[in-house]
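The values are calculated or read from the model by the stated rules, or taken from the named source; none is laboratory data. The shown structure was predicted, so the numbers you read here are calculated from the model rather than taken from an experiment. Positions of Cβ are generated from backbone atoms using ideal geometry, with glycine treated the same way; all protein chains shown enter the neighbour counts. Only protein heavy atoms, including side chains, enter the accessible area calculation; ligands, DNA and RNA are left aside. Shrake-Rupley method; radii C 1.70, N 1.55, O 1.52, S 1.80 Å.
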Amino acid sequence: VRGLCPLTQILRQKEDNTLIFEARFESGNLQKVVKVNEFEYQLTLRTDLYTSRHTQWYYFQVSNMQAGMPYRFTIVNFTNHNSLYKRGLRPLLYSEADAKKHKVGWRRTGNEIKYYKNNAGQGGHQYFSLTWTFQFPHDLDTCYFAHCYPYTYSNLQEYLVAISKDPVKSTFCKIHILCHSLAGNIVYVLTITNPPESGKGTERKAVILTARVHPGETNSSWIMKGFLDYILGDSGTARLLRDNFVFKVVPMLNPDGVIVGNHRCSLTGQDLNRKYRSNGKKCYPSIWYTRNMVKRVMGERDVFLYCDIHGHNGKKNVFMYGCERKQQAKSPYMHPRVFPLLLSKSCPDKFSFTDCHFRVRKSKEGTGRVVMWKMGINNSYTLEAS
């Protein structure tokens, strides 16, 4: 959607120490930079395409730096009033020199981090600034900054190619095309289950997992990768799960948004996780085809669990949103609080049951979680991770 080729390098005068910024690459996001003084820069993020909002995700390259000097960056057009940057979150830095020499990848960086309301409100929007100081580790290095660990559409494709070439994994993990996105990118669906012995397997229940409906929530892709690494592994538990369940997995619901570096929306400028009630097959193909796939699976077998994986920008911990009727059924195994409670018992250091909620708000009625629940899947969840 945006050009991939950076323009010819800017001609610089000798001894010009001005940083060079670039974000015209996959998942990159940065719109404008103003040099305030020698080591201070003011940055503006690009809004989600065809919207005037949703500035949260940033991912950009910096070069022509001096090591050990105290730089200050200030991003001036965040739109969220609340942020984990107020509670200890730090920006991410990647140094190509450190990766080459020391095998060091992404790491948290920044001191004097502040997130605050600024006076740049335009057109009724209130903007917030994030500012931090830091030092680059090497002279004339190539570095990257990001809001969360990047996970691109290309990363996903490489991962799926590796599965398809694996002689063992490819026997119980089938990769299919669910549909094509508006920009023509493939939306993949994986079917994971051990080949049934003749005549058996129809009684297996289904588990449906989806991720990355919001492009800036890259942690959802890392959680999905962790799940796939586990379920495709050769541990006894993974084999047992594959013997007893059929897993249907859509690892990236919004590839277009991921590629262009959006934070929340698709190329229509819409939040796809509010479109599960829509019949807009042309406008929201991945959502339409996912819902249809779930209906088809429900016609073939019981669906034990549906879970859509997200990242949360305002709250710490890993937790779930479920769906509960006001008059909950008496039978305890039907209770939607059981599965999150089991998660909190099995990994109390990772999962917080007290952060889980089970109300169905009106504003959430178009989400995957609520629509799948109303279709008849009792264990229907959103998994949120800080």
Accessible surface, segment 153-385, averaged per residue in Å² (probe 1.4 Å): 46 Å²
Relative contact order of the chain, pairs being alpha-carbon contacts under 8 Å that are 6 or more residues apart, as %: 15 percent
Charge dipole (debye, nearest 20) of segment 144-245; +1 at Cβ of Lys and Arg, -1 at Cβ of Asp and Glu: 160 debye
Restricting segment 282-331 to trypsin sites (Lys or Arg not before Pro) in coil, as DSSP defines it, with at most 12 other Cβ within 10 Å: K282, R325, K326, K330
Tilt relative to the chain, helix 219-231 - C-alpha long axis, 0 to 90 degrees, to 10: 40 degrees
In segment 20-54, the trypsin sites (Lys or Arg not before Pro) that fall in loop regions by DSSP, at most 15 other Cβ within 10 Å: R24, R53
Most to least accessible of I75, I175 (protein chains only, probe 1.4 Å): I175, I75
Size of electric dipole in the chain: Cβ of Lys, Arg +1 and of Asp, Glu -1, about Cα centre, debye, nearest 20: 1500 debye
Loop-resident sites, segment 139-248, for trypsin sites (Lys or Arg not before Pro), counting at most 11 other Cβ within 10 Å (DSSP): K200
Calculated log₁₀ intensity ratio I(q)/I(0) where the Debye formula runs over C-alpha points of the chain, q = 0.09 Å⁻¹: -0.58
Amide H within-cut-off set for L178, under 5 Å, with H built and near neighbours excluded: V187, Y188, V189
Signed unit charges on C-beta, dipole axis of segment 38-137, positive-most listed residue L130, T44, G88: G88
With Cα atoms, 0 to 90° folded angle of helix 153-165 axis to the chain main axis: 50 degrees
Dipole axis of the chain (+1 Lys, Arg; -1 Asp, Glu on Cβ), positive-most option in L190, N273, G226: N273
Longest site-free stretch - the chain; sites: GluC sites (Glu not before Pro), DSSP loop, at most 11 other Cβ within 10 Å: 204-386
Alpha-carbon centroids, segment 351-386 and segment 225-241: separation in whole Å: 25 Å
Antiparallel content of DSSP bridges confined to the chain, in %, to 5: 65 percent
